[in-house]
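Data first, discussion second: the structure below is written as structure tokens.
The values are calculated or read from the model by the stated rules, or taken from the named source; none is laboratory data. All values reported here derive from a predicted model rather than from experimental measurement.
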Amino acid sequence: MAKPIIGLLFKNFLVVLTLVGATAIITGCKGDTEAIHYFSDKKTIPGVTAYNSEVVYTEDGKIVLKVLAPETVYYQFADEPYTEFPKGITVFTYDKDLNQESSLTSKYAIYYEKKLLWQAKTNVVAKNRKGEVLYTEELYWDQTKHIIYTNVNVKINSLSGIIYGKGMVADENFENWEIKEPYDGEFQVD
């Protein structure tokens, strides 16, 4: 007869423990409905987080793009799915003969999946195969239009010298580019 009573007490203990735990979690938020809403909204929670990732994009079996990142966070449940690279990114593009065409580094990046739009921010440096180097604080790559562009200050170490300006547009390999508002002088790029 002792076994059923112990079993009943154990079951009641588990129910009480569960209720106490749930109460602690709810009161631990101190009535902060915003925090409760945040944790219950899966649109704001990443579906996948990867560390030291290397992603290779191919076309017709040949590498066209390689993306390296210390941390990659994919928000697949967001209304507009996106991938965030909070600790920076390094990107290499390749031609059909697998020669490196260009490279890009930045301290932060984000990729909007539906728009096919990349945004690189903070200490953005892009290089092309001619040896030209672009320095800016923000750069976009529109995969649909096959262009890269920015509306902020740029510095380009070109084959003919250093050029400063505001805004720039180029083909996606940074081979042919144009500064929207060139000017003389220097500016600080962190």
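State yes or no: is A120 in a strand (DSSP E or B) and either at pLDDT below 95 or under 14 Å from A170 (Cα atoms) (or both)?
So A120 fails the test.
Which residues, taken from segment 84-102, are modelled with pLDDT under 95 and among the hydroxyl-bearing types (S, T, Y)?
T93, Y94, S102
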